[in-house]
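Let me give you the structure first, and then I'll get to my questions.
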Amino acid sequence: MDEPVLYRESFAITGDDFEHGGDAAAAVKLVMKDLGLDPAIVRRLSIANFEAEMNVIMYAREGRMDLLITPNEVRVVVADSGPGIEDIELAMQEGYSTATAEMRARGFGAGMGLPNIKRSTDTFEIESEVGRGTTLRYSVRLERPPNGTR
Amino acid sequence: MDSAIHSVIREEGRCVGCVDCSKACPTKAIRVRDDLMRIDPATCIDCGECIRACRYDAVHARTSSPSDLKRFKYTVAVPSTTIYTQFGSDFTPAQVAGALVTANGFDSFYDVTWMCEMVSRAVDTYLSECGGPWPKISVTCPAIIRLILIRYPDLVPHLIPVHTPRELAAKVARRKFAAALGMPPDDIGIFYITPCSAMMQSIVAPVGLAESHFDGAFSIAALYGPILRALKVDAHGLDERFNPSGLAWAMSGGETAGMRNKNSLSVTGVHDVTSVFDTIEAGKFQNVDFIEAYVCPDGCVSGQLLVEGRYAARRTLQRMQARMKGQSAVAEEKVRSMFRDHFFDMEGEIKAPAIKPMTETLQQAIRRRQEKHRLLDQLPKKDCAACGAPDCTTLAEDVLAGEAQLTDCVFVKLKEYEAGRR
């Protein structure tokens with residue numbers, strides 16, 4: 001974690017802003033493509049970012065998606081001020097969801113969000129406090145070491 | 001990529017250097033330099049949006065010329081299903097096909113509509129047997145394939161390796177006519193009669209094949225007049241040789257309508273297609289089996305090389321199909337056994353282009369991006385394209401690549417001028 005951060009960019013996410021749902025994930029994808037990252041890495045992180053962003057939109061008041069690139073990995077931190085998660089272990093189970101019938105009818109809340117983020121990434125951490133908010137930290141390793149030729 | 005293999009050509013003397021084509025290009029492949037449009041062959045997908053956008057008729061599709069027919073002892077026209085939508089519903093497909101042959105100097109014609117239905121069955125078989133990744137994407141539209149190769153290389157494994165009806169028809173036609181006439185296959189010229197520039201390009205520089213089974217292609221618009229003059233309303237009824245389900249391929253939704261597998265989605269127009277591809281890249285639509293995608297709105301029926309407007313053409317198609325209902329269908333068992341015998345296989349594999357050797361390190365890429373934003377801050381973000389690039393971001397990228405200067409922007413230049421006067 002002591003590696004130098006080569007690139008950092010932050011994107012705001014607003015709770016309940018379904019109209020712009022997915023915009024932060026799309027913006028991060030454009031940055032990663034522009035930097036010429038391996039398409040497989042871009043794809044894995046895009047899946048994770050979309051899930052994380054929609055969680056903030058569905059449950060929280062506001063949040064941020066931070067993209068941090070180090071020589072060895074692409075790191076994303078999604079932090080929100082929201083209701084927090086009571087039972088993280090339960091939330092990490094596939095199929096578990098607190099989504100309302102309306103959210104499910106729109107295709108969200110299949111209980112695959114968090115497990116999907118974990119599956120798509122190399123490291124995954126979740127920190128949550130009820131009434132305060134939730135922070136997700138996940139990363140994908142860059143294949144080749146930073147000795148000049150990626 | 002050599003520009004000679006692209007199908008879009010600029011007509012010298014007509015281009016006035018406006019920016020309509022460069023603004024219309026979905027892959028930002030066009031720049032206007034010295035009052036002339038220039039296409040970057042590496043990013044052009046031959047979609048023909050520039051042909052559509054040009055008000056000066058300065059961009060054309062490269063097609064075969066009548067003299068190409070003379071290179072062969074016997075010539076066969078294989079028309080796109082869209083040709084039957086171009087002359088109103090009073091004429092049957094057989095009459096249109098007949099007029100196409102007699103009026104344009106072909107010796108014969110070969111129908112593609114039956115092959116369309118066979119390919120529908122073959123794709124059904126493929127979908128029921130293949131593994132992921134999902135959804136699978138149709139290879140019918142050649143501009144879609146190029147869009148995927150250039151902009152969405154990680155979607156290449158989604159492309160269905162079942163050959164297109166037109167290429168299979170050309171392959172069968174050559175074999176059939178060679179046997180019937182007792183001629184060497186090379187003496188027979190097989191020509192596609194195409195509604196769009198992308199099809200032409202797929203013949204000159206095909207994807208997934210060593211080479212195309214066609215020897216060339218003619219634009220439907222170019223042959224329209226002679227066909228119209230040769231058409232005759234006669235007492236003949238519908239020709240049973242034509243397959244109504246295959247005719248539907250002229251329009252988006254036709255491909256999916258002909259399939260047993262209904263877990264599909266049809267998307268048209270380059271804007272909507274990129275939106276759907278972005279969604280697939282984000283891991284969505286994995287519950288969809290099949291995606292039919294065309295860069296032209298409504299599919300082939302709105303190709304740039306057609307004459308009839310797409311709404312009139314759609315209506316003609318629907319009336320024709322209503323009349324033909326009841327006729328069908330290919331023997332499914334036979335298609336399945338042909339599928340196992342590799343009849344529908346492509347001769348090569350569609351491969352994502354080799355990733356360009358990284359000329360820059362991650363650190364350099366980051367510096368380039370930061371520099372790009374620094375340049376962009378100095379640009380007006382009006383995306384007026386007067387500089388020759390389609391928008392301010394592209395100009396910034398071109399400046400970084402050493403292909404343009406910041407002062408190509410008239411607003412930057414004006415600011416410099418005003419600063420100099422003070």
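Go through region B:11-59 and give me each residue that's surrounded by 15 or more Cβ atoms within 10 Å (Cβ to Cβ) and touching a Leu at 6+ places or on another chain (Cβ under 7 Å).
Matches in region B:11-59: B:CYS15, B:ILE45.
Would you pick out the residues in region B:278-322 that are within 14 Å of chain A (Cβ to nearest Cβ) and touching a Leu at 6+ places or on another chain (Cβ under 6 Å)? Explain how you work it out, then say what you get.
Step one: filter region B:278-322 for residues within 14 Å of chain A (Cβ to nearest Cβ), giving B:278-288.
Of everything in region B:278-322, just one residue is within 14 Å of chain A (Cβ to nearest Cβ) and touching a Leu at 6+ places or on another chain (Cβ under 6 Å), namely B:VAL288.
Being within 30 Å of B:GLN321 (Cβ to Cβ) and among the aliphatic types (A, V, I, L, M) is the requirement here; does B:ILE83 meet it?
Values: within 30 Å of B:GLN321 (Cβ to Cβ): yes; among the aliphatic types (A, V, I, L, M): yes.
The answer is yes for B:ILE83.
Please enumerate the residues belonging to region B:117-155 that are among the charged types (D, E, K, R) and buried (at least 22 other Cβ atoms within 10 Å of the Cβ). If you could, list the steps in order and put the result at the bottom.
Going residue by residue through region B:117-155, those that are among the charged types (D, E, K, R) are B:117, B:121, B:124, B:129, B:136, B:146, B:151, B:154.
Hits for region B:117-155 are B:GLU117, B:ARG121, B:LYS136, B:ARG146.
Moving on. Would you point out the residue of region B:286-319, among those that are of a type in the set (D, E, K, R) and in a helix (DSSP H, G or I), that is nearest to the chain's Cα centre (by Cα)? Even if it seems obvious, please write down each step before you answer.
Quick first cut of region B:286-319, residues of a type in the set (D, E, K, R) only: B:289, B:292, B:298, B:308, B:310, B:314-315, B:319.
Imposing the further condition that a residue be in a helix (DSSP H, G or I) reduces the set to B:310, B:314-315, B:319.
Working: B:ARG310: 16, B:ARG314: 19, B:ARG315: 22, B:ARG319: 26 Å.
Checking each candidate, the answer is B:ARG310.
Can you confirm whether region A:98-115 contains a residue that is of a type in the set (S, T, N, Q), over 23 Å from B:ARG151 (Cβ atoms) and at pLDDT below 90? Steps first, please.
Narrowing region A:98-115 to residues of a type in the set (S, T, N, Q): A:98, A:100.
Imposing the further condition that a residue be over 23 Å from B:ARG151 (Cβ atoms) reduces the set to A:98, A:100.
Next, only the ones that are at pLDDT below 90 stay: A:98, A:100.
Yes, the conditions are met somewhere in region A:98-115.
Name the single residue, out of those in region A:8-25 being facing another protein chain (nearest Cβ under 10 Å) and buried (at least 19 other Cβ atoms within 10 Å of the Cβ), that is farthest from the chain's Cα centre (by Cα).
Top of the filtered list is A:GLY22.
Here is a list of conditions, (1) facing chain B (nearest Cβ under 8 Å); (2) closer than 19 Å to B:THR279 by Cβ; (3) not acidic (Asp, Glu), and A:GLY36 meets all of them except one; can you say which number that is?
(2)
Collect the residues in region B:357-401 that are in contact with a Lys or Arg (Cβ under 7 Å, 6 or more places away or on another chain), of a type outside the set (Asp, Glu), within 14 Å of chain A (Cβ to nearest Cβ) and part of a helix (DSSP H, G or I), keeping them in residue-number order.
B:LEU362, B:THR394, B:ALA396, B:LEU400
Working only within region B:15-40, note down all residues that are touching a strand residue (DSSP E or B) at 6+ places or on another chain (Cβ under 8 Å) and among the basic types (Lys, Arg).
If the condition is that a residue be touching a strand residue (DSSP E or B) at 6+ places or on another chain (Cβ under 8 Å) and among the basic types (Lys, Arg), then B:ARG31, B:ARG38 are the ones that fit.
Here are the criteria: (1) more than 26 Å from A:GLU143 (Cβ to Cβ); (2) more than 14 Å from chain B (Cβ to nearest Cβ). Tell me which single one A:ASP66 does not satisfy.
A:ASP66 satisfies all of (1) more than 26 Å from A:GLU143 (Cβ to Cβ); (2) more than 14 Å from chain B (Cβ to nearest Cβ) except (1).
How do the helices (runs of 4 or more DSSP H) wholly within region B:156-256 filter down when requiring 2 or more residues that are modelled with pLDDT under 95 and surrounded by fewer than 18 Cβ atoms within 10 Å (Cβ to Cβ): which remain? Talk me through it step by step, then tell me what you get.
Values: elements: B:165-181, B:197-204, B:220-230, B:244-247.
Output list reads B:220-230.
The values are calculated or read from the model by the stated rules, or taken from the named source; none is laboratory data. Keep in mind it's a predicted model, so treat the numbers as computed, not measured. Cβ sites come from the backbone with ideal geometry, for glycine too, and all protein chains shown count toward neighbours.
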